[in-house]
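What follows is a single structure, written as structure tokens, with notes after it.
The values are calculated or read from the model by the stated rules, or taken from the named source; none is laboratory data. None of these values were measured; they are calculated from a predicted model. All Cβ positions, even for glycine, are placed from backbone atoms using ideal geometry, and neighbour counts span all protein chains on display. These area figures cover heavy atoms from the full protein model, side chains too; ligands, DNA and RNA do not enter into them. Shrake-Rupley method; radii C 1.70, N 1.55, O 1.52, S 1.80 Å.
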Amino acid sequence: MNLPIRPRRNRKSANIRGLIRETSLSPEHLIYPVFVHEGAANQPITSLPGCTRWSVKGLLEEAKRLMDLGIRTLDLFPAIPDGKKTPDACEACNPDGLIPRTIYALKSEVPGITIMTDVALDPYNSDGHDGLVEFRSDGTMEILNDDSVEVLCRQALCHADAGADIVSPSDMMDGRVAAIRATLDSEALDDVSIMAYTAKYASALYGPFRGALESEPKEGDKKTYQMDPGNIREALREAQLDEAEGADILMVKPATLYLDVMAAMRKHVTLPVAAYHVSGEYLMIKSAVASGWLDERETVLETLTSIRRAGADMILTYYAPQAAEWLKQQR
């Protein structure tokens, strides 16, 4: 064959493939979401095999191991006892609560670590929603946007005071980024970053996460505040608002089913874009691997690379420790 152009020449060896690779993946791109509880023992999470509900002491040891792997940013999610869950979610703002104590311990014992915290009310709300709930006499319910934002501001301030580097509002209430930014700035905490859950979809893939935190809504669903999976222009509108309100990083959640949203957002904003590879995406791979149909290492690294290729600057994933180990072996 008389072919002057042969693309395979650029694929003929590992060294050449490395030279021309367009998208890279390394541990510094990964954020590890971790679950913490008030008990003294670490607990395996049934809904997320391979993940743990950590005690504060256990998480300190795990964080040191993660730092050695190159995972330097943790996102904290609390498993709150039912006895501390109330309709007003007041435990979310307790300066002596589980998350502030965990932040302080990590920042004190693990030098160089970056701590991100989830800012939302569902772990603390006895109704299981990300905002405060009002039940009406006709039997309907409403998630109160502005009242919820007031509590979210106090929660973010509580985390920032404890030493959080990044607060991450995941509630999808209107105006919460601007309100949190103003609250932090008014307390001279202008160096605390905000990672906004900008396009958080009302996805069917959050079930294992809710099992880990036991935070399923008691009534109704989250479709009046989380986004419709059919919409992409709405995500760009949310991105414009969050950028204007003072967000530092924008997030798309879930990741693999919304790569088109991520790519569109990357084209339309100047801020860094994050993606959350959620619990259902994690469990689908785990289940297929357990059935013997997929190679776990190759599938995970391909999945995370695809998320990076779509435009994510960073990825929150429960596979972060394993991926970091695999990437280390490739060097």
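With +1 on the Cβ of every Lys and Arg and -1 on the Cβ of every Asp and Glu, and nothing else charged, how large is the dipole of the range 229-331 about its Cα centre, in debye rounded to the nearest 20? Don't skip to the answer; put the middle values down first.
On the way: 11 positive and 14 negative charges, 48 e Å.
Taking the Cα centre of the range 229-331 as origin, the dipole is about 220 debye.
Charges at C-beta only: +1 for Lys and Arg, -1 for Asp and Glu. How large is the resulting dipole of the chain about its Cα centre, in Debye rounded to 20?
Working: 36 positive and 49 negative charges, 486 e Å.
Once rounded to the nearest 20, the dipole reads 2340 debye.
Which cross-chain or sequence-distant (5 or more) residues have an amide H under 5 Å from the amide H of Thr198, H modelled 1.01 Å from N in plane?
Met251
Between the helical axis of 56-69 and the dominant principal axis of the chain, each derived from Cα atoms, what acute angle in degrees is found, rounded to the nearest 10?
20 degrees
Which one of Ala105, Leu157, Ser168 has its Cα pushed farthest toward the positive end of the charge dipole of the range 99-187, where Lys and Arg give +1 and Asp and Glu give -1 at the Cβ?
Towards the positive end, the residue furthest out is Ala105.
Over 20 Å between Cα atoms: which of Lys200/Lys223; Lys57/Lys218; Lys84/Lys223 fall into that group? Don't skip to the end; give the middle numbers.
Working: Lys200/Lys223 11 Å; Lys57/Lys218 31 Å; Lys84/Lys223 26 Å.
Beyond 20 Å: Lys57/Lys218; Lys84/Lys223.
Specify which residue in the list Ala41, Ile80, Val133 is farthest towards the positive end of the charge dipole of the range 2-156, using unit charges on the beta carbon of Lys, Arg (+1) and Asp, Glu (-1), about the Cα centre.
Result: Ala41, furthest along the dipole toward the positive end.
Loop-only chymotrypsin sites (Phe, Trp or Tyr not before Pro) in the range 272-325, please: DSSP not H, G, I, E or B, and at most 15 other Cβ atoms within 10 Å.
Details: sites: Tyr276, Tyr282, Trp293, Tyr318, Tyr319; in loops: Trp293, Tyr318, Tyr319.
Counting only loop positions with at most 15 other Cβ atoms within 10 Å, the chymotrypsin sites (Phe, Trp or Tyr not before Pro) in the range 272-325 are Trp293.
So for the chain, taking the charge dipole from beta-carbon charges (+1 Lys/Arg, -1 Asp/Glu), which of Leu144, Ala182, Ser26 sits furthest toward the positive end?
In the chain, that residue is Ser26.
Could you tell me whether the range 219-315 comes out rounded, prolate or oblate from its Cα gyration tensor? Rule is a ≥ b ≥ c as square roots of the eigenvalues, rounded for a/c under 1.5, then prolate if a/b exceeds b/c, otherwise oblate.
On the way: a/c = 2.69, a/b = 1.55, b/c = 1.73.
Oblate, since a/c reaches 1.5 and b/c is not below a/b.
So what's the net charge close to Asp88: Lys and Arg +1, Asp and Glu -1, counting the other residues with Cβ under 13 Å from its Cβ?
Working: positive: Lys84, Lys85, Arg154; negative: Glu91, Asp127, Glu134, Asp147, Glu150.
After counting each charged neighbour, the total is -2.
How large a share of the accessible area of the range 10-69, in percent, is made up of carbon and sulfur atoms when the probe is 1.4 Å and the other protein chains stay in place? Before the final figure, lay out each step's value.
Details: 1640 of 3350 Å².
Solvent-exposed carbon and sulfur of the range 10-69 make up 49 percent of the total.
Helix 98-109 against the longest principal axis of the chain: what's the angle in degrees, Cα atoms only, rounded to the nearest 10?
50 degrees
Accessible area of the range 173-216 with a 1.4 Å probe: how many percent of it is carbon plus sulfur?
On the way: 720 of 1570 Å².
Result for the range 173-216: 46 percent of the exposed heavy-atom area is carbon or sulfur.
How large is ³J(HN,Hα), in whole Hz, for each residue of the range 261-277 in order, when computed from phi with the Karplus curve 6.51 cos²θ - 1.76 cosθ + 1.60 and θ = phi - 60°, using x for Gly and Pro?
Result, ordered by residue: 5, 4, 5, 5, 5, 4, 6, 9, 10, 9, 6, x, 10, 10, 10, 10, 7 Hz.
Nearest 10 degrees is fine. How inclined is helix 279-290 to the longest principal axis of the chain, computing both from alpha carbons?
So the helix axis and the longest Cα principal axis differ by about 50 degrees.
Distance between the C-alpha centers of the range 93-164 and the range 259-305? Whole Å please.
With the range 93-164 and the range 259-305 each reduced to a Cα centre, they are spaced 27 Å.
So what is the accessible area of the chain per residue, in Å², with the probe set to 1.4 Å? Numbers along the way, then the final one.
Working: 15270 Å² over 331 residues.
Per-residue value: 46 Å².
What number, rounded to the nearest 500 deg cm²/dmol, is the helix-based mean residue ellipticity at 222 nm of the chain, given -39500 (n - 2.57) per DSSP H run of at least four residues and division by all its residues?
Numbers: 11 runs with 129 residues, N = 331.
The helix-only estimate for the chain comes to -12000 deg cm²/dmol at 222 nm.
Can you tell me how the range 1-119 classifies by the Cα gyration tensor, rounded, prolate or oblate, using a/c under 1.5 as the rounded cut? Provide the component values of the computation, followed by the final result.
Working: a/c = 3.23, a/b = 2.76, b/c = 1.17.
Prolate shape, in that a/c is at least 1.5 and a/b is the bigger ratio.
How much net charge surrounds Asn42 when only other residues with a Cβ under 15 Å from its Cβ are counted (Lys, Arg +1; Asp, Glu -1)?
Numbers: positive: Arg53, Lys57, Lys64, Arg65; negative: Glu38, Glu61, Glu62.
Computed value for this residue: +1.
Rounded to a whole number, what % of the accessible area of the range 254-328 do carbon and sulfur atoms account for, probe 1.4 Å? Working shown, then result.
Working: 1660 of 3020 Å².
Its accessible area is 55 percent carbon and sulfur atoms.
In the neighborhood of Leu283, defined by Cβ-to-Cβ distances under 15 Å, what is the net charge if each Lys or Arg adds +1 and each Asp or Glu adds -1? Could you put the intermediate results ahead of the total?
Numbers: positive: Arg210, Lys286; negative: Glu281, Glu296.
The answer is 0.
Could you work out the relative contact order of the chain, using alpha carbon pairs under 8 angstrom and six or more residues apart, expressed as a whole percent? Let's see the in-between values first.
Numbers: 611 pairs, mean separation 59.9, N = 331.
Rounded, it is 18 percent for the chain.
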